[in-house]
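S.K.: Can you read through this structure? Questions will come right after.
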Amino acid sequence: MNVKKDSFFINEVKNGNIDAFKFLVEKHKDMIYTIVMRIVRIREDAEEIAQDAFIKAFQSIDLFEGKSEFSTWIYKIAYNLSISHIRKKKYKNIEIDDNLISDNDIFETYNDFIKLEESERNRILKNAVNSLNEDDALIITLFYIKEISVNEIEEITNLSKSNIKIKLFRARKQLFSILKDKKELIYTV
Amino acid sequence: MEDKTKIYFEEIIKDLKIETPSKKFTDNVMKQIYAEFSDESVLKLSFFNKNKFLIIFSVVFLSIFLIIIFFSSGQPVATPDNSIYDLYLKLVFDKLKDFFNVKFEFFLILRIIFSSVFILYLADFFISKIQKLNHSV
């Protein structure tokens, strides 16, 4: 199957073929929406910001020189818009103490988690990731789901490589900590 | 133990799915883009959108060429410094006048048209640059 690269559609848009942008929207909309959702958390707001990210990308497409991937460039736009949005709204995050979880707890949580039904696992995991702070939730998604390198995450978020690695380490522990709490809730209900 | 945590984590995180926006997402984005584009085209002179370099090069070249030809008044004076230039100019001028066989005013009008097109192009170029700066991320 002949799959055209982003650069083909970008050149088309630059040459005045606006319809070519539709292919870029179709290709990247899910990941853009996911990035925004990880940070903003409210579906309606996320939809609006994700749309704004595409419109901003369209308006600035002549500035895209192709030094990085188009996906990295547009993810950065979506990230910046989302961060500005939550700064305006002043959302507060619940601090999660990851020091409380022991290695044994991690093992038990894992064992209990994999025994759950797939739909249940999806639901619990989504809620758990949304309980993390915005940057941690986003980094987890980019690194594990989209398999984006630490270098690219650095480019998108402007966080240093060492900071990203620390956040990944902390987010893993925090997620287990949240899952452990959720597991206790499931079994006590 | 950290390695094991990573392994357990990788197993668990597989169940995290990418979010999907509403079905109308793409249509909504494209609607806004079409609206945006039609707004811009009111400001922009859309016939100058493509191959800007080629257009500006041609217009500048033609304008200079026509200015040199039609504003060189009087008979060429042969001096050691400019004799080749003047002779060449006279030759081109005479050839063109013979070729078109029309009055001098025609060339003046032609020059005004080219100059106007060039000025319009410059205006369009700067407007689009300002718009890009305003929209820059």
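The values are calculated or read from the model by the stated rules, or taken from the named source; none is laboratory data. The model shown is predicted, which means the values in this text are computed figures rather than measured ones. Neighbour counts are summed over all protein chains in view; Cβ atoms, including those assigned to glycine, are modelled from backbone coordinates with ideal geometry. To get the accessible areas, we keep the full protein, side chains included, count just its heavy atoms, and leave off ligands, DNA and RNA. Shrake-Rupley method; radii C 1.70, N 1.55, O 1.52, S 1.80 Å.
S.K.: Restricting attention to segment B:1-10, and to residues there that are modelled with pLDDT of 85 or more and open to solvent by 80 Å² or more (accessible area, probe 1.4 Å), which single residue is farthest from A:L132 (Cα to Cα)?
M.R.: B:I7
S.K.: A further question on this structure: Quickly run through segment A:147-164 and pick out the residues that are among the aliphatic types (A, V, I, L, M), part of a helix (DSSP H, G or I) and crowded, with 19+ Cβ neighbours inside 10 Å.
M.R.: Hits for segment A:147-164 are A:I153, A:I156, A:I164.
This table checks each residue for (1) open to solvent by less than 10 Å² (accessible area, probe 1.4 Å); (2) at the interface with chain B (Cβ under 9 Å from one of its Cβ atoms).
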position	(1), (2)
A:N15	no, yes
A:R38	yes, yes
A:R41	no, no
A:D45	no, no
A:E48	no, no
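S.K.: Out of segment A:17-36, which residues are over 14 Å from the mean Cα position of the chain (by Cα) and facing chain B (nearest Cβ under 9 Å)? I'd like the intermediate steps shown before the answer.
M.R.: Of segment A:17-36, the ones over 14 Å from the mean Cα position of the chain (by Cα) are A:17-27.
If the condition is that a residue be over 14 Å from the mean Cα position of the chain (by Cα) and facing chain B (nearest Cβ under 9 Å), then A:I18, A:D19, A:F21, A:K22, A:V25, A:E26 are the ones that fit.
S.K.: Within segment B:11-20, can you find the residues that are open to solvent by less than 20 Å² (accessible area, probe 1.4 Å) and either more than 17 Å from A:L132 (Cβ to Cβ) or not in a loop (DSSP other than H, G, I, E, B) (or both)?
M.R.: Residues satisfying the conditions are B:I12, B:I13.
Quick grid of which residues meet (1) over 19 Å from A:S149 (Cα atoms); (2) open to solvent by 10 Å² or more (accessible area, probe 1.4 Å):
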site: A:Q51; (1), (2): yes, yes
site: A:I55; (1), (2): yes, yes
site: A:L63; (1), (2): yes, yes
site: A:S68; (1), (2): no, yes
site: A:Y75; (1), (2): no, no
site: A:K88; (1), (2): yes, yes
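S.K.: Looking at B:V42 and the list (1) assigned to a helix (DSSP H, G or I); (2) surrounded by 12 or more Cβ atoms within 10 Å (Cβ to Cβ); (3) modelled with pLDDT under 65, which single condition is not satisfied?
M.R.: Of everything listed in (1) assigned to a helix (DSSP H, G or I); (2) surrounded by 12 or more Cβ atoms within 10 Å (Cβ to Cβ); (3) modelled with pLDDT under 65, B:V42 misses just condition (2).
S.K.: Taking the condition more than 9 Å from every other protein chain (Cβ to nearest Cβ), out of contact with any Asp or Glu (no Cβ under 9 Å at 6 or more places or on another chain) and farther than 22 Å from A:A137 by Cα, does A:F64 pass?
M.R.: When the stated conditions are applied, A:F64 passes them.
S.K.: Please specify each residue of segment A:25-82 satisfying the condition of being in a loop (DSSP other than H, G, I, E, B) and of a type in the set (A, V, I, L, M).
M.R.: A:I42
S.K.: Right, another one. Suppose the filter is surrounded by fewer than 20 Cβ atoms within 10 Å (Cβ to Cβ) and within 16 Å of A:V40 (Cβ to Cβ); does A:N111 pass it?
M.R.: Details: surrounded by fewer than 20 Cβ atoms within 10 Å (Cβ to Cβ): yes; within 16 Å of A:V40 (Cβ to Cβ): no.
For A:N111, the condition - surrounded by fewer than 20 Cβ atoms within 10 Å (Cβ to Cβ) and within 16 Å of A:V40 (Cβ to Cβ) - is not met.
S.K.: For segment B:12-35, which residues satisfy the criterion of being more than 7 Å from chain A (Cβ to nearest Cβ) and either of a type in the set (D, E, K, R) or in contact (Cβ under 8 Å) with a residue 12 or more places away in the chain (or both)?
M.R.: B:K14, B:K23, B:K24, B:D27, B:K31
S.K.: What pairs can you find where one residue is in segment A:105-121 and within 8 Å of another protein chain (Cβ to nearest Cβ), the other is β-branched (V, I, T) and not in a loop (DSSP other than H, G, I, E, B), and their Cβ atoms are less than 7 Å apart, with a gap of 6+ or different chains?
M.R.: Between residues of segment A:105-121 that are within 8 Å of another protein chain (Cβ to nearest Cβ) and residues that are β-branched (V, I, T) and not in a loop (DSSP other than H, G, I, E, B), the close pairs are A:I106/B:T5; A:Y110/B:I12; A:F113/B:I12.
S.K.: Same structure, new question: Being polar (S, T, N, Q) and modelled with pLDDT under 75 is the filter; apply it to segment B:87-128 and report the residue that is surrounded by the fewest Cβ atoms within 10 Å (Cβ to Cβ).
M.R.: B:N101
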